[in-house]
1. With the checklist (1) free of Cβ contacts under 8 Å to residues at least 40 places away in the same chain; (2) in contact with an Asp or Glu (Cβ under 7 Å, 6 or more places away or on another chain) in hand, flag the one item residue B:72 doesn't pass.
2. When you look at residue B:152, is it within 19 Å of residue A:21 (Cα to Cα), more than 8 Å from chain A (Cβ to nearest Cβ) and at pLDDT below 95, yes or no?
3. Given the conditions (1) more than 13 Å from every other protein chain (Cβ to nearest Cβ); (2) closer than 17 Å to residue B:46 by Cα, and given that residue B:92 satisfies all but one, which numbered condition is not satisfied?
4. Give, as residue ranges, the helices (runs of 4 or more DSSP H) completely inside the stretch B:42-154 that count at least 3 residues that are over 24 Å from residue A:4 (Cβ atoms) and not polar (S, T, N, Q).
5. Taking the stretch B:62-75 as the search range and keeping residues that are over 16 Å from residue A:21 (Cα atoms) and more than 7 Å from DNA strand C (Cβ to nearest atom), which one is farthest from the other protein chains (Cβ to nearest Cβ)?
6. Need the failing condition index for residue B:79 against (1) within 16 Å of DNA strand C (Cβ to nearest atom); (2) surrounded by 15 or more Cβ atoms within 10 Å (Cβ to Cβ), just the number.
7. Cβ-Cβ under 7 Å, sequence separation 6+ or interchain: first residue in the stretch A:28-49 and within 9 Å of another protein chain (Cβ to nearest Cβ), partner in a loop (DSSP other than H, G, I, E, B). Which pairs?
Number of protein chains: 2
Amino acid sequence: MGKYDCLKIENQLCFPLYAASKEIVRRYKPMLDRIDLTYTQYIAMMVLWDRKELNVKELGKCLYLDSGTLTPLLKKLENKGFVTRHRSESDERNLIITITDKGMDLREEAMKVPSEMGRCLCLNEEDTDVLYKLLYKVLDSIEESKKTIKHKSN
Amino acid sequence: MGKYDCLKIENQLCFPLYAASKEIVRRYKPMLDRIDLTYTQYIAMMVLWDRKELNVKELGKCLYLDSGTLTPLLKKLENKGFVTRHRSESDERNLIITITDKGMDLREEAMKVPSEMGRCLCLNEEDTDVLYKLLYKVLDSIEESKKTIKHKSN
DNA sequence: TATTATATAATCGTTCACAATCTAATTGAC
DNA sequence: GTCAATTAGATTGTGAACGATTATATAATA
């Protein structure tokens, strides 16, 4: 037990989290290439397949991303013809993203992705469930600590 | 149970993994700013604090990163005076990264980071342990599936 | 009503991250 | 020993990711 053991990479929780996330996204790439989406575009499309229409702010909240990331990404999705972007008439500050027919059609092709991914990520059902719950616990706990910081600084 | 439920973001394991990783790195930022490191530089320094000296290839294996990411990152660490870079005499293809005294000194300051981070990531010991093991299970399982793919394509 | 504050996106600058390509060094086959 | 493969790292181009700033629209208030 050295003094600096807490700084060893194998004693960190953040590192396998960071590495696993990257490796999974990398693993998705060849599957997503086939439907002409990057990973971030894919999760944006997931929200849109479900919700059909929402503004940048709401999408950002779903994905933990801000307009700095989403604006160029949504322009690319628009160029590919998967979404349209127009200002809300009732409040012109809001940019409304709407999925197109072409975007909806893509869902059929995208259906193949999760099953293919599941095959190469061979966790059993219980592990998957436990991991899922713990990851959301982490996300919630970070959200919570953000609030505390914000309060302190006020 | 709709036909497309598997494409809902709340039914995906990859998404909370991706989001939690990003949020944790973001959470680290203010702490790492104080020691003038980015997150990726921080994990590279972690390996170097432990190993003192290794080449780019070995470092890349530790961090799941390639030379395209590491070359510019290591040049930045060199500019900051935390490492030196020189070619191996026995095999000039290898670039050896060596930590400097200044780099070693930084470890004392960095010691504050994991404890501060732990405070805002309030998982109990058991959860942390389970999460850690599951994340490495994911990493291993991806490594394994890579080999299979490689074999198939040969 | 005029002014201030807040909210929403867009823009800008910096740093990863990675696939693909390139260069140079080394190894291996013949 | 020569030439082809392999290996290590650097380079290039694209796409995030995010903090900070800016522009515009709306809301709140003096």
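The values are calculated or read from the model by the stated rules, or taken from the named source; none is laboratory data. Fair warning: this is a prediction, and the values are worked out from it, not measured in the lab. Heads up, the Cβs are rebuilt from the backbone with ideal geometry, glycines too, and the neighbour counts pull from every protein chain shown.
1. For residue B:72, the exception is condition (2).
2. For residue B:152, the condition - within 19 Å of residue A:21 (Cα to Cα), more than 8 Å from chain A (Cβ to nearest Cβ) and at pLDDT below 95 - is not met.
3. Result: residue B:92 fails condition (2) only.
4. Of the helices (runs of 4 or more DSSP H) lying wholly inside the stretch B:42-154, those with at least 3 residues that are over 24 Å from residue A:4 (Cβ atoms) and not polar (S, T, N, Q) span B:67-79, B:125-153.
5. Residue satisfying both the conditions and the ranking: B:75.
6. Residue B:79 satisfies every listed condition except (2).
7. A:45/A:37; A:45/A:82; A:46/B:8; A:49/B:4
A quick yes/no check of all residues on (1) crowded, with 17+ Cβ neighbours inside 10 Å; (2) more than 19 Å from the chain's Cα centre (by Cα); (3) farther than 19 Å from residue A:140 by Cα; (4) at pLDDT 95 or above:
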| residue | (1), (2), (3), (4) |
| --- | --- |
| B:91 | no, yes, yes, no |
| B:99 | yes, no, yes, yes |
| B:118 | no, no, no, no |
| B:126 | no, yes, no, no |
